[in-house]
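The next block holds one structure in the form of structure tokens; read it before the comments.
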Amino acid sequence: MKSTRLFFLTLFALVLAARLCHLDILWAEETLPLAAAAQMAHGKVLYRDIWFDKPPLLAWIYQACPQWGARDGFPLRLAGALYVLLACWIAWRFARDLWDGREALWAAGLLAFYLVFDIPSAVTPLAADLLMLAPHLAAVWLAWRGRAFRSGVLAGIAFLINSKAVFVLAACALWNLRAMPLLLAGFAIPNALALALLWSQGALGAYYEQVWKWGRIYAADTFVANPWTNGLLRTAHWLGFHAAIVIGALWFWWRDPKQDRARWAAWAVISLAAVAAGWRFFPRYYFQLLPLAVLAGARGLAMLGRRRALAVAALLLVPLVRFGPRYALLARDLIAGQQSHWVDAAMDRDSRQAARLARQWSAPGDTLFVWGFRPELYVYTGLPAATRYLDSQPLTGVPADRHLTQSQPVESESTQARRAELAATHPTFIMDGLGPLNPRLAIGAYTDLRPWLTNYQEVARTSLTIVYERKGGGANSAHWRSSRP
């Protein structure tokens, strides 16, 4: 017992240390729920007053702790480390119930390892795909134990974080097909409660429009030219990068006479289908495969024996060498109190710089509108949003996964009406975080917004952001104009 506690304490310390290296960085997938939570702290209601195209629990989780919604920093990274610890504990319990203590330690350790040494923008933020991992593991674990109702509840909670949790429900059904009514009842309850809450807030219609209508349009139109080729290539890369657990999983599937090959294979197929949904194959989508992979891989490594297991585990050096040095560099910069020059964080650095400019001259009562997908600007400035739109996707019809290089909208039926709604608002500041990167989608490129934009003047500029202020606007506007370079 003491050794297990020491194992998890060490695991948590290492994960927290890795998360703290990203103390001064916000990644794209966490900025929107952070910004939404910040607006809810100003008294706004999700969907009704805030355009949010994700399921509600993602924003509510960030709202749960005021510090997360108000700013970035230590609380957010501590929460991320605690979440990874929870996921590792679930993997440990599941593997221990399935097999033995060796497999349990392998499963927890491997999961923690891959949630540190993988693409930073995927493993660091508490985003939808990562937040679904723990309930995914727990739901399948409870399904295996025959707890169909509780399994369904956890799958339903996952669905309130990420709509791909329907695949989690399908995986749970593999172990509870006869108890399907209980599974579905459990799944329905948290979703019914969430819908009732949204209805009571007058946000139910907006929820359908933003999460399901817009989400369906987004999912149906991939920007990838050859999705099959792209999918096969990225899946091959994922398998190679995770070779240690892949080899262990194959050994388990082939050599363990007691395991149910059909169920494990079906779980793998379901998880791959979830990764492929939408035909984008982003690295974070592969979190759907990780629960299955670490469990099966842990069993296979335990079956290989010490020498062969260590030989296979040596493949962990690939991700360690790939991503380990970056943590050392980030830690060095934090300790030295100097800004990192990491290229991957260039946009975040620019957002901090632009926010400092706006924050320097803003006054109580000032408001902000951000054009582009730069929700972190609301977090860094601390300014309330002047409109319900936290980014420009619903105003241009061009999703953020392509709007830096493309300008063809996937939806144009409602965008003009939404821009008319925008033009009826009067934010103190406008920050265009898209125009410098893609001039075709600059805020001034839309003829129906030009009359509205004449009420604003450019007052500052960074390499990636243009800051506009309303003429005769904020309390410090005269000081701004007289002191701007």
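Just so it is clear, none of the values below were taken in a lab; they were calculated from the coordinates. Quantities reported herein were computed from a predicted structural model and do not represent experimental measurements. Reconstructed Cβ throughout: ideal geometry from the backbone, glycine too, with neighbour counts over all protein chains shown.
Using a ≥ b ≥ c from the Cα gyration tensor of the chain (square roots of the eigenvalues), is it rounded, prolate or oblate, where a/c under 1.5 gives rounded and otherwise the larger of a/b and b/c decides, a/b for prolate? Prolate, since a/c reaches 1.5 and a/b exceeds b/c.
Only Cα sites of region 345-483 enter the Debye sum here, all with the same form factor; the resulting log10 I(q)/I(0) across q = 0.10, 0.11, 0.12 1/Å is -0.29, -0.36, -0.42, listed in q order. Legend: calculated FRET efficiency, ARG461 to ALA273, from the Cβ-Cβ distance at R0 = 51 Å, rounded to 0.05, equals 0.65. Working from label points 7 Å from Cα in the Cα-to-Cβ sense, the LYS2 to LEU14 distance is 2.2 nm.
To the nearest 0.05, what FRET efficiency results for ASP100 and LEU233 with a Förster distance of 41 Å applied to their C-beta separation? Given R0 = 41 Å and the Cβ-Cβ separation, E is 0.65.
Among the lysines, select those whose C-alpha is under 28 Å from the C-alpha of LYS213, and discard any that sit fewer than 8 residues away in the same chain. Hits, sequence-local ones excluded: LYS44, LYS54, LYS164.
Between ALA196 and LEU23, what length in nm is gained on full extension when 0.36 nm per residue of separation is reduced by their alpha carbon distance?
So the extension gain works out to 58.6 nm.
Once the Cβ-Cβ distance between ALA219 and ALA331 is put in as r, and R0 is 51 Å, what FRET efficiency do you end up with, to the nearest 0.05?
Step by step, r from the Cβ atoms, then E = 0.85.
Counting DSSP beta bridges with both partners in region 345-483, what percentage is antiparallel, nearest 5? Around 65 percent of the beta bridges assigned by DSSP in region 345-483 are antiparallel ones. Each residue, GLU413 and HIS341, gets one label point 7 Å from its Cα in the Cβ direction; the gap between the two is 5.0 nm.
Here each label is just a point 7 Å from Cα along the line to Cβ, and for ARG322 and THR447 those points are 4.8 nm apart. Straight-line cross-link partners of LYS471 among the aspartates and glutamates, defined as a Cα under 12 Å from its Cα and at least 8 positions apart when in the same chain: GLU458. Other residues whose C-beta falls under 13 angstrom from the C-beta of ALA274 contribute a net charge of +2, scoring Lys and Arg +1 and Asp and Glu -1.
For region 403-478, the set of trypsin sites (Lys or Arg not before Pro) satisfying both a DSSP loop assignment and a count of at most 13 other C-beta atoms within 10 Å is given as LYS471.
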